[in-house]
Amino acid sequence: MGYGSHRKSTASHIYSFCIADALAVMSVDLGSESMKIAIVKPGVPMEIVLNKESQRKTPVTVALKENERLFGDSAMGMSIKNPKIALRYFQDLLGKHIDNPQVTLYRWRFPQHELVKDERRQTVIFKLSHEMQYSPEEILGMVLNYSRGLAEEFAEQPVKDAVITVPVYFNQAERRAVLHAAQMADLKVLQLINDNTAVALNYGVFRRKDINATAQNIMFYDMGAGSTVCTIVTYQTVKTKDSGTQPQLQIRGVGFDRTLGGLEMEHRLRDYLVKLFNKQQPSKDVRQNLRAMAKLLKEANRLKTILSANADHVAQIEGLLDDMDFRAKVSRQEFEDLCSDLFQRVPGPVLQALSSAEMNLDEIDQVILVGGATRVPKVQETLLKAVGKDELGKNINADEAAAMGAVYQAAALSKAFKVKPFIVRDAAIFPIQVEFTREVEEEDKSKSLKHNKRILFQRMSPYPQRKVITFNRYTDDFEFYVNYGDLAFLSQDDLQAFGSLNLTTVRLRGVGDSFRKHSDYESKGIKAHFNMDESGVLSLDRVESVFETVVEDKPEEESTLTSKYTEEEESQTEAGKEEQGEKQDQKEGEGTVSEEQGEEKQQPSPMQDKTETVPPEAERQEEKEEGEKTASQDLTVRDLEKEEREKSANSLEAFIFETQDKLYQEEYQFVSTEEQREEISRKLSEASNWMEEEGYRATTKELKEKLSELKKLCRSLFFRVEERRKWPDRLNALENLLNHSSIFLKGARMIPEADQIFTEVELSTLEKAINETVTWKNETLAEQNKLPPTEKPTLLSKDIELKIAALDREVQYLLNKAKFAKPRPKKEKNTTKTDSGKNATAPPDSEKVIPPKEEKGEGEAHSGQASAPVSI
């Protein structure tokens, strides 16, 4: 059962949201072929984002024209029409030298693209034209920026924080390239999470009730479009200091094949279809036509999917080449024969994962399929035989598990949400070590150089983690190297694709000065502090020389004097690489490696030196990144301009269509002459023809000017129709107010003099306003009735509203005065005949006329009129 089938029933067990700020977070599962985007926002726990075509996944494709960019399905359509400008599967080029086998493979798969060398970094650039040249990082930045746009539209609020999935086999250069791309997209990356770890987290989150103190070992076999990864994960509950007992997943073993996936199968099928077509049409060679080859690759993709459920199928493409159609029947057996060597590689990642975990198949409780290419029957058949199980698990959503796991992690890392803890212990699959050379003295007093190696991270070491390496025998400036360790577990092809084993060279300055300044103190060595963060990215935090002295009378306390200096790094041999390293417990001689247990206590010293130098290479890298960011921003501006142009074109087309329709409606014909309608119709037709013939290349300004011109032409017609629509309501509101005002005035004049609260001037002013309004209404209506409906009206709705507002002000003034008026003090009763007589002449209480009370709606403006009550 997939995630989607039981999401609602389990959501309450997963989330305990504490909304700190109304901000959404997102995840991007960057697959080779397509990406899945998920969000979490207040009230919406873990939801897949639908794209503009209402699809749950979006092709990772960018089509670059001279002045616009297309993404997703639109770009995929362009990959058939103009294959040279549609870029796909470019993630394999991130951080790669121009001579890397992955670059060679890409050139073979996609010969329509021109790849040139970045002379400064020795990496790859897509050259679409002399002016349009982009690195893979820039292309990825465009995709990430587009993904954020989709997330924001779906979430209906800004989104900045993201967790992005990367293949577990990405090394430091590739991870930094993804971070660089995200930076160009102005995304704040909360974490780069390995896609296999995201899948494992999604699986565990929805089965937390099944996780207990007994370890469960699950193997995930993920075959996607570009690669295959096998992961062994151990689930169990552990005790924590802060949160009590919580579920935990630990990555125990990983195996992978970088080029085994659905794309390679599709290329085999495509080449087979090429042979069949060339056999049917001997005079033609379809390989020479890029558009035809793109169509065949698309058909191969469809064919692979259909053959996963059928024994055979007919491949067919209309007008493949020179209006010639193509039809050919292909069986599943033929497909399997074409990919027989690929299926033989299916068990490889399994064996590699078991080896790195130091486990055997008997310890694996279940094998679960992930990734679209695992739907190929032969893959499942071969895998089932390799793992020796009764069946393969299919109880997670193979397409969306990574995106959902990553967005759960995004919610956990965000300050806006609180989720139930799930501990994730990831592992670095490539060992990293520090190497340095030191001069030693031999027994015969001669001196020689000794090369030392100290491992920071062993294979499958957990992260995040900090470590420290201590150099005890250096008293002057020196250098050390951060390199990858033993990669013998990689195949020769993988090793070549991996690239240089050197991460960086760290040159330390100020060591000698530090020792000379603190010659009276005991040296505790030079400590280099390394950190591998949650994204699996390694950095050198700082390097410091440590000295100590014993304080008198307090021998148990130490005073640590520290002299810090900055290190200068050389240009990295792989794009995006910086200082890196890690430490593993080794305590023998020079270069002791230990885990960092928190900040060491340091006593500030007036003798401390701190010199900072920015390496020239770092400066150039910042310039390069700034240039790439500027280029990406320029393209973003173009996207906005394109969007504005499309809106302008749509507005113009809609106006033409709607106005042409209005000319036939009765209310428009009533207020216009036939000549007027013919002139408008002619102008509309001219504009429509202009749109068809020249509008596609018109600028936004020209489109807006054309629309403004047409609106100006139709303004008087639309005004006459709109006025006649408003008249009934406005005149009715005026008539009601006149009636109410007259009744109010009559009642006010009947109030006895002794109780009168209104002055004669106030009542006369209201009477004058009523009379003038009645006169204006009658005269204006009479004048309007004399005019033909095709002329500009003299009775205007805005004038009616002004008259309503003016009269209403007078009534409201008197109502407010009545509301706040204080009653007059009553006179003492006089029992004389005269008084009695006077009282006898007054009307009884039941017959007194009292100013009308303000009721709901009384005196209010009607139908949009302005009301301005006067306060006294």
With the structure loaded, tell me whether GLU439 is in a strand (DSSP E or B), among the acidic types (Asp, Glu) and in contact (Cβ under 8 Å) with a residue 24 or more places away in the chain or whether it fails that test. no
Which residues, counting only those in segment 266-276, are in contact with a Phe, Trp or Tyr (Cβ under 8 Å, 6 or more places away or on another chain) and closer than 16 Å to GLY372 by Cβ? LEU269
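Yes or no, residue by residue, for (1) at pLDDT 90 or above; (2) more than 59 Å from the chain's Cα centre (by Cα); (3) surrounded by 13 or more Cβ atoms within 10 Å (Cβ to Cβ); (4) of a type outside the set (A, V, I, L, M):
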| residue | (1), (2), (3), (4) |
| --- | --- |
| GLN756 | no, yes, yes, yes |
| SER764 | yes, yes, no, yes |
| GLU767 | yes, yes, yes, yes |
| TRP776 | yes, yes, yes, yes |
| THR780 | yes, yes, yes, yes |
| ILE800 | yes, no, yes, no |
| LEU807 | yes, no, yes, no |
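Only residues that are assigned to a loop (DSSP other than H, G, I, E, B), touching a strand residue (DSSP E or B) at 6+ places or on another chain (Cβ under 9 Å) and surrounded by fewer than 20 Cβ atoms within 10 Å (Cβ to Cβ): list them for segment 33-49, please.
Residues of segment 33-49 assigned to a loop (DSSP other than H, G, I, E, B): 33, 42-43, 49.
Still in the running and touching a strand residue (DSSP E or B) at 6+ places or on another chain (Cβ under 9 Å): 33, 42, 49.
If the condition is that a residue be assigned to a loop (DSSP other than H, G, I, E, B), touching a strand residue (DSSP E or B) at 6+ places or on another chain (Cβ under 9 Å) and surrounded by fewer than 20 Cβ atoms within 10 Å (Cβ to Cβ), then PRO42 is the only one that fits.
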Given (1) among the small types (Gly, Ala, Ser); (2) more than 28 Å from LEU369 (Cα to Cα); (3) under 29 Å from the mean Cα position of the chain (by Cα); (4) buried (at least 21 other Cβ atoms within 10 Å of the Cβ), where does ALA416 come up short, assuming only one miss? (4)
Determine which single condition GLU783 fails, assuming it passes every other condition in (1) more than 15 Å from ASP808 (Cα to Cα); (2) touching a residue at least 60 places away in the same chain (Cβ under 8 Å). (2)
Need the failing condition index for THR794 against (1) modelled with pLDDT of 75 or more; (2) of a type in the set (Ser, Thr, Tyr); (3) over 30 Å from ARG677 (Cα atoms), just the number. (3)
Looking at (1) in contact with a strand residue (DSSP E or B) (Cβ under 8 Å, 6 or more places away or on another chain); (2) over 25 Å from SER355 (Cβ atoms); (3) of a type outside the set (A, V, I, L, M); (4) surrounded by 19 or more Cβ atoms within 10 Å (Cβ to Cβ), which one does PHE206 not meet, given that it meets all the others? (1)
Test: GLU441 is surrounded by fewer than 14 Cβ atoms within 10 Å (Cβ to Cβ), over 37 Å from the mean Cα position of the chain (by Cα) and not hydroxyl-bearing (Ser, Thr, Tyr): yes
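Could you look through segment 118-152, keep only residues that are within 30 Å of VAL44 (Cβ to Cβ) and among the aliphatic types (A, V, I, L, M), and pick out the one that is surrounded by the fewest Cβ atoms within 10 Å (Cβ to Cβ)? Steps first, please.
Of segment 118-152, the ones within 30 Å of VAL44 (Cβ to Cβ) are 140-152.
Pick out the ones that are also among the aliphatic types (A, V, I, L, M) and you get 140, 142-144, 150-151.
Numbers: LEU140: 26, MET142: 24, VAL143: 25, LEU144: 25, LEU150: 22, ALA151: 24.
Taking the candidates together, the pick is LEU150.
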If we keep just the residues of segment 328-349 that are in a helix (DSSP H, G or I) and among the aliphatic types (A, V, I, L, M), which is surrounded by the fewest Cβ atoms within 10 Å (Cβ to Cβ)? LEU338
Within the bounds of segment 285-294, is there any residue that is without any contact (Cβ under 8 Å) to a residue 40 or more places away in the chain, farther than 25 Å from GLU400 by Cα, aliphatic (A, V, I, L, M) and outside the structural domain of GLN496 (by TED's automatic domain parsing)? yes
Here is a check on your reading of the model: is LEU115 within 19 Å of LEU70 (Cα to Cα) and not basic (Lys, Arg)? no
What single numbered condition from (1) at pLDDT 90 or above; (2) part of a helix (DSSP H, G or I) fails to hold for GLU692? (1)
Is there any pair linking a residue in segment 78-92 that is buried (at least 22 other Cβ atoms within 10 Å of the Cβ) to one that is acidic (Asp, Glu), with Cβ under 9 Å and at least six apart or on different chains, and which? ARG88/GLU33; GLN91/GLU174
How many residues does segment 158-179 hold that are in contact with a Gly (Cβ under 6 Å, 6 or more places away or on another chain) and not basic (Lys, Arg)? 3
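Here is a yes/no grid of residues against (1) touching a residue at least 24 places away in the same chain (Cβ under 8 Å); (2) closer than 30 Å to GLN352 by Cα; (3) not aliphatic (A, V, I, L, M):
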position: PHE126; (1), (2), (3): yes, no, yes
position: SER129; (1), (2), (3): yes, no, yes
position: LYS160; (1), (2), (3): yes, no, yes
position: GLN172; (1), (2), (3): yes, yes, yes
position: LEU179; (1), (2), (3): yes, yes, no
position: LYS188; (1), (2), (3): yes, no, yes
position: LEU192; (1), (2), (3): yes, yes, no
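Looking only at residues in segment 301-327 that are aliphatic (A, V, I, L, M) and part of a strand (DSSP E or B), which one is surrounded by the most Cβ atoms within 10 Å (Cβ to Cβ)? Walk me through it before giving the result.
So the first thing to find is which residues in segment 301-327 are aliphatic (A, V, I, L, M), and the list is 303, 306-307, 309, 311, 314-315, 317, 320-321, 324.
Within this subset, residues satisfying the condition of being part of a strand (DSSP E or B) are 314-315, 317, 320-321, 324.
On the way: VAL314: 10, ALA315: 21, ILE317: 18, LEU320: 23, LEU321: 21, MET324: 15.
Residue satisfying both the conditions and the ranking: LEU320.
What number of residues within segment 273-293 satisfy the criterion of being in a helix (DSSP H, G or I) and either farther than 24 Å from MET78 by Cα or in contact with a Ser or Thr (Cβ under 6 Å, 6 or more places away or on another chain) (or both)?
Initial filter on segment 273-293 (in a helix (DSSP H, G or I)): 273-280, 286-288, 290-293.
Retained after the next criterion (residues that are either farther than 24 Å from MET78 by Cα or in contact with a Ser or Thr (Cβ under 6 Å, 6 or more places away or on another chain) (or both)): 275-276, 278-280.
The total comes to 5.
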Which residues, counting only those in segment 383-412, are in a loop (DSSP other than H, G, I, E, B) and over 27 Å from the mean Cα position of the chain (by Cα)? GLY388, LYS389, ASP390, GLU391, LEU392, LYS394, ASN395
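Just to be sure before I move on: is GLN352 assigned to a helix (DSSP H, G or I) and crowded, with 16+ Cβ neighbours inside 10 Å in the structure I sent? Steps first, please.
On the way: assigned to a helix (DSSP H, G or I): yes; crowded, with 16+ Cβ neighbours inside 10 Å: yes.
Against the criterion (assigned to a helix (DSSP H, G or I) and crowded, with 16+ Cβ neighbours inside 10 Å), GLN352 qualifies.
Confirm whether LEU140 is touching a residue at least 40 places away in the same chain (Cβ under 8 Å) and either aliphatic (A, V, I, L, M) or within 22 Å of ASP493 (Cα to Cα) (or both).
When the stated conditions are applied, LEU140 passes them.
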Go through the residues of segment 413-430 one by one and say whether even a single one is of a type in the set (A, V, I, L, M), part of a helix (DSSP H, G or I) and modelled with pLDDT of 90 or more. yes
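A quick yes/no check of all residues on (1) buried (at least 16 other Cβ atoms within 10 Å of the Cβ); (2) touching a Ser or Thr at 6+ places or on another chain (Cβ under 7 Å); (3) at pLDDT below 90:
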residue: CYS714; (1), (2), (3): yes, yes, no
residue: LEU717; (1), (2), (3): yes, yes, no
residue: GLU722; (1), (2), (3): no, no, no
residue: ARG730; (1), (2), (3): yes, yes, no
residue: ASN739; (1), (2), (3): no, no, no
residue: LEU745; (1), (2), (3): yes, no, no
residue: ILE751; (1), (2), (3): yes, no, yes
In this structure, does LEU490 turn out to be surrounded by fewer than 20 Cβ atoms within 10 Å (Cβ to Cβ) and over 23 Å from THR592 (Cβ atoms)? yes
Could you count how many residues in segment 277-295 are touching a strand residue (DSSP E or B) at 6+ places or on another chain (Cβ under 7 Å) and crowded, with 17+ Cβ neighbours inside 10 Å? 4
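The values are calculated or read from the model by the stated rules, or taken from the named source; none is laboratory data. As the structure is a computational prediction, the values presented were derived from the model and not from experiment. Every residue, glycine as well, gets a Cβ built from its backbone with ideal geometry; the counts of neighbours run over all protein chains shown.
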